1. Of all the Cα-Cα pairs you can form in the chain, what percent are over 16 Å apart?
2. So which aspartates and glutamates pass the test for LYS11, namely a Cα distance under 19 Å, with those fewer than 8 places away in the same chain ruled out?
3. Which order do peptides 10-18, 60-68 fall in by mean Cβ count within 10 Å, highest first?
4. Between THR37 and ASP9, how high is the FRET efficiency from 1/(1 + (r/R0)^6) when r is the Cβ-Cβ distance and R₀ = 30 Å? Nearest 0.05.
5. If you stretched the chain out fully between LEU19 and SER54, how much longer would it get, using 0.36 nm times the residue separation minus the C-alpha to C-alpha distance?
6. List the relative contact order of the chain as a percent without decimals, with contacts defined as Cα pairs under 8 Å and 6+ residues apart.
7. Tell me which residues come under 5 Å, amide H to amide H, from GLN51 once H is placed; ignore anything under 5 positions away on its chain.
8. Counting helices only, and only those DSSP H runs with n ≥ 4, report the 222 nm mean residue ellipticity of the chain as the sum of -39,500 (n - 2.57) divided by its residues, in deg cm²/dmol to the nearest 500.
Amino acid sequence: MTQVKIKHDCKLELNDVALRATPARIAVMKFLENTTTPVDVQMIKNYLDKQNVSSDAATVFRIMNIFTE
């Protein structure tokens, strides 16, 4: 069986739930969309750094809290 990856518009999805589509939020969504293993805040922060997205651990933590509400 093959896995089908569905791509979507992260910006539109954030706007649909009344969240601003910041570069950090979009990058976190893309990261989570493509990961298959459990991750922590530091792993997400490292990914954002590699993508040249300005953030710190507190920002990532806040984004994750917002996404789980």
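1. In whole percent, the share of Cα-Cα pairs in the chain beyond 16 Å is 47.
2. GLU33, GLU69
3. Per-residue mean Cβ counts within 10 Å order the peptides as 60-68, 10-18.
4. 0.75
5. Full extension of this stretch gives 10.8 nm more.
6. 26
7. Residues meeting the criterion, in which the H sits 1.01 Å from N, do not exist here.
8. It lands at -17500 deg cm²/dmol.
Read-outs: derived from the displayed coordinates by stated rules, not from any lab. A quick note: this is a predicted structure, and the numbers were derived from the prediction, not measured. Ideal geometry is used to build each Cβ from the backbone, glycine not excepted, and the neighbour counts take in all protein chains shown.
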